[in-house]
Protein chains: 2
Amino acid sequence: MKKASDFVDEKRLWQRHVDMARFGATSKGGVNRQALSREDIDARALLLKWGNELGLRGAMDDIGNMFLRQPGTDPSAAPVLSGSHLDSQKTGGRFDGVYGVLAALEAVQAVKQAGIETRRSLEIVNWTNEEGSRFEQGCMGSQVWADPGKLQKMLALKDSQGVMVAEALNEVRQCLPKLEPRPFAFPVHALIEAHIEQGPVLEMTGTTIGIVSGMHGSRRFSIEVQGEEAHAGTTPAAARKDALFAAIDIVNALRKIFHDPQDVVRFTVGRFEVSPDALAVVPGHVLFTIDFRHPEECVLTQLGDQVEGICRQWAGPCDVAVKETRRAACKTFEGFVPEAITRAAAELNIPHMPIHSGAGHDARYVLDRYPAAMLFVPCEKGISHKENENATPSDLTAGVRVLADALVALSA
Amino acid sequence: MKKASDFVDEKRLWQRHVDMARFGATSKGGVNRQALSREDIDARALLLKWGNELGLRGAMDDIGNMFLRQPGTDPSAAPVLSGSHLDSQKTGGRFDGVYGVLAALEAVQAVKQAGIETRRSLEIVNWTNEEGSRFEQGCMGSQVWADPGKLQKMLALKDSQGVMVAEALNEVRQCLPKLEPRPFAFPVHALIEAHIEQGPVLEMTGTTIGIVSGMHGSRRFSIEVQGEEAHAGTTPAAARKDALFAAIDIVNALRKIFHDPQDVVRFTVGRFEVSPDALAVVPGHVLFTIDFRHPEECVLTQLGDQVEGICRQWAGPCDVAVKETRRAACKTFEGFVPEAITRAAAELNIPHMPIHSGAGHDARYVLDRYPAAMLFVPCEKGISHKENENATPSDLTAGVRVLADALVALSA
């Protein structure tokens, strides 16, 4: 019997990446294709066109998640899903997200070309706004899909221009051909999300396929330090309430607590905004964020719970307000879905290994309801969320070959 | 003989401050009257109107400095000048600058009312753009006046909207009545600039008048830390080039070097800009500034010369570029002008003391050419460059009484 992996076409797969990278292409070779933007709409339209050419049936739910169905022989059986997201960071790369969608499309095309009829339907999915860079709520589509109670809150979110998600979605609907509606959380047998690793492990170990065993939990904090603006020339140090120096003392105390000789802790201060940001004025206010991730729930609790106390202890003459803005539990990927990926890779003799994901992905929300897994391929130097993000056609293709065979196995 | 100080009118002086504070009034009780703005033009027009009512003759030079002359009996004698600036910081107060202009106006009016005829002319001056908040070059008017070679460079400076100083000056000229031209650096016998202290010393010591003995020298640096953006979830600490953490390490090392138990050193990191300033991205770039002031030239040299080395030493995995953007020498105010202020205060039995200025003022540039001095009055809690800047009518008045008698003595 022919295997789907034999029909995966490296040139076609690569060309589709090139075609998609035109939407939001930046001068430095990256992509700025934020969720529900003009560029995202163009990418969605091209995906629909390709799906149409393959005879796939498009659908869209109320948060803009798109589904392209290749029907199975048993319409009553729950489908097998695969996909990721077409949106990007503001200064993002050509592979983060889009690879998972194009991998699923290529896999389904390979299944068809192999003449394989699956019992379960296969569906390609494009989740809305995974990056959270335009509307600041990452994995928006998959979150709402898994927990429809979040819909209204998400629809009301605004971008920096004041445009609501609901308004942006209306524009998406007007620009795309009419698609059949889809309920949230419809029954799914299994989901596989393919993605570039966004880290250096596969490249460093010379491994082509990572089968994700778990995902870091994360806690996010927003910290405001309130001091007092003062004249840089006339105000003695003793009379200052310097919000910048207080924030620096706090960050340094946090760095000590979060320091990890094993380098498993991920501790990032990503936003750091100083006001009034004037050369001759002692800063009166600082807002900064903490992004803390770890694979173990108990460490998340033990370290994260110290944040507020440290902030209070090191604020000096300033006031400090600490807000935990998000907590996401650690996830474990196990059972028949990751096993199907492992088996497919083994049968194809493609080097593979279990791997932990420091990044969050849509699959984590699907996993709240249904069996799910992820498949990673290497990216150059582990660089991601940057315009010089890169991956090789052969690694991308190897990932799709494994994906195609695993999807066939799961949809039998 | 009648003394000019007897004719200083507290109500009139206060009411003029209230009237001026309408131009650019902020909701928090402060003033946003940036140089050459609509609000600055309104303030200039009102000053001209008041001068006109007193029969003073207005003039303006090519950088927009305004002069109002009360002629003396000897037209060939160099005049005595007094004044400051009408422009403010973006979130400035109702006294910084404007007090010095209104004090000079009130003093000249008191001299006239006392029926005193001075040999030298008295001139009220309003220097252009002392604050440097719209066009980023503080003491613009007094700098060009003292060193006309700087004119073309200043005229070409642009604000954040791209408007050039030259264009803004044209608008000022169109909106104001035609004024006679003035050359730069015309002969001046002496200048006194009255100003709020912008520090806590006079209030703390219960002194009404500070006679400025010197002005801090200053050095300014702009420091760029170049790291590498990276994914907050996937990039191990060891693989990061975190520009924020490097900048924090540099700032902390600098704080140690600049720490001064005597609290004479003024060390401020005022601008601190982190890119890309995104929650889940390791910062790739930080730009920050150092504003360092000290009354002693040798300390300015000794400490300031260490900045670049410290930056290199603490940049960790990042690159760092250090640029010294300005150096201003320490200034000493001595001789017959400060002596005239001291004598006037002593004769009026108003508590006075020598004081050092941590802030820069227009008088420092006049001093490069001609004898000059400054007179400080207390401001509430030393607060300045803020909307809640405050001063009492009686302190402001005491300052003008001393100023008026000193001007009479100097113009004899």
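The values are calculated or read from the model by the stated rules, or taken from the named source; none is laboratory data. No experiment lies behind these values; they were computed from the predicted model shown. Cβ atoms come from the backbone with ideal geometry, glycine included; neighbour counts cover every protein chain shown. Side chains included, ligands, DNA and RNA excluded: accessible areas come from the protein's heavy atoms. Shrake-Rupley method; radii C 1.70, N 1.55, O 1.52, S 1.80 Å.
Could you compute how fast the protein assembly as shown diffuses translationally, taking Rh as the Kirkwood radius over C-alpha pairs and applying Stokes-Einstein at 10 °C with viscosity 1.306 mPa s? Give it in µm² per second. Walk me through the intermediate numbers first.
Values: Rh = 30.4 Å.
My calculation gives 52 µm²/s for D.
When chain A is treated as a GNM with alpha-carbon contacts under 10 Å, the residue of A:235, A:207, A:73 showing the greatest mean-square fluctuation is A:235. Highest GNM mean-square fluctuation among A:187, A:236, A:177, for chain A modelled with Cα contacts below 10 Å: A:236. Between copies, the label points of residue A:301, set 7 Å from Cα on the Cα→Cβ line, lie 6.3 nm apart, reported in increasing order to one decimal in nanometres. Kirkwood hydrodynamic radius of the range A:121-230, from the reciprocal of the average inverse Cα-Cα distance over all distinct pairs: 17.8 Å.
For the range A:153-190, trypsin sites (Lys or Arg not before Pro) meeting the loop criterion (DSSP other than H, G, I, E, B) and having at most 15 other Cβ atoms within 10 Å: A:178.
Take chain B and mark each of the GluC sites (Glu not before Pro) that is in a DSSP loop with at most 16 other Cβ atoms within 10 Å; the longest unmarked stretch, sites excluded, is B:137-295. About its Cα centre, the range A:332-412 has a charge dipole of approximately 40 debye under the convention of +1 per Lys or Arg Cβ and -1 per Asp or Glu Cβ, with nothing else charged. Residue by residue, the range A:277-290 carries 3J(HN,Hα) couplings of 6, 10, 3, 10, 10, 5, x, x, 7, 9, 10, 9, 10, 10 Hz when phi is fed to the Karplus relation 6.51 cos²θ - 1.76 cosθ + 1.60 (θ = phi - 60°); x denotes Gly or Pro.
With the Kirkwood sum run over all distinct C-alpha pairs, the range B:183-269 has a hydrodynamic radius of 18.5 Å. Less than 5 angstrom separates the built amide H of residue B:194 from those of B:83, B:375, all sequence-distant by 5 or more or on a different chain.
Counting Lys and Arg as +1 and Asp and Glu as -1 over every other residue whose Cβ lies under 13 Å from the Cβ of residue A:160, the net charge comes to 0.
Mean separation of Cα pairs under 8 Å and 6 or more residues apart, divided by the residue count, gives the range B:241-321 a relative contact order of 39 percent.
When only alpha carbons are used to place a centre, the range A:62-103 and the range A:1-57 end up 11 Å from one another.
Which of these, B:83, B:93, B:284, has the largest mean-square fluctuation under a Gaussian network model of chain B (Cα springs below 10 Å)? Between B:83, B:93, B:284, it is B:284 that shows the largest mean-square fluctuation.
Report the B-A buried area as the accessible area lost on both sides summed, probe 1.4 Å, in Å² to the nearest 100.
Numbers: alone 17710 and 17660 Å², together 30900 Å².
The contact between A and B buries close to 4500 Å².
Surface composition of the protein assembly as shown: carbon plus sulfur atoms hold 50% of the accessible area, using a 1.4 angstrom probe and ignoring ligands, DNA and RNA.
Using the Cα coordinates of the range B:1-120, the gyration tensor eigenvalues translate into equivalent-ellipsoid semi-axes of 27, 17, 10 Å, sorted from longest to shortest. Dividing the helix sum by the residues of chain A, where each DSSP H run of 4 or more adds -39500 (n - 2.57), gives a mean residue ellipticity at 222 nm of -10000 deg cm²/dmol.
Strictly greater than 30 Å: what percent of every Cα pair in chain B meets that? If you can, show how the numbers build up before the last one.
Numbers: 37734 of 84666 pairs.
Above the 30 Å cut-off, chain B has 45 percent of its Cα pairs.
Determine the relative contact order of chain A: mean sequence separation of Cα pairs under 8 Å and six or more apart, normalised by residue count, in whole percent.
Numbers: 958 pairs, mean separation 99.0, N = 412.
Relative contact order for chain A comes out at 24 percent.
Over 20 Å, how big is the tail of the calculated P(r) for the range B:124-179, in percent of all Cα pairs? It works out to 22 percent of all Cα pairs.
For the range B:47-116, dividing the convex hull volume of the Cα atoms by the residue count gives 103 Å³ per residue. Between residue A:357 and A:213, A:214, A:215, A:216, the built amide H atoms are under 5 Å apart, and every one of these is 5 or more places off in sequence or on another chain.
Over the Cα atoms of the range A:193-236, what is the Rg over Rh ratio if Rh follows Kirkwood? If you can, show how the numbers build up before the last one.
Numbers: Rg = 22.8 Å, Rh = 15.9 Å.
Rg/Rh for the range A:193-236 comes to 1.44.
Accessible surface area normalised per residue over chain A is 37 Å², counting heavy atoms of protein chains with a 1.4 Å rolling probe.
For residue B:296, nonlocal amide neighbours, meaning residues 5 or more places apart or on other chains whose placed amide H falls under 5 Å from its own, are B:217.
Counting only Cβ charges, +1 for Lys and Arg and -1 for Asp and Glu, the dipole size of the protein assembly as shown around its Cα centre is about 920 debye.
Can you give the direction-averaged projected area of the convex hull of the alpha-carbon atoms in the range B:256-378, in nm²?
Details: hull surface 44.6 nm².
Its Cα hull, projected and averaged over all orientations, spans 11.1 nm².
First select every other residue whose beta carbon is under 15 angstrom from the beta carbon of residue A:187; then total the charges, Lys and Arg +1, Asp and Glu -1. Residues close to residue A:187 contribute a combined charge of +1.
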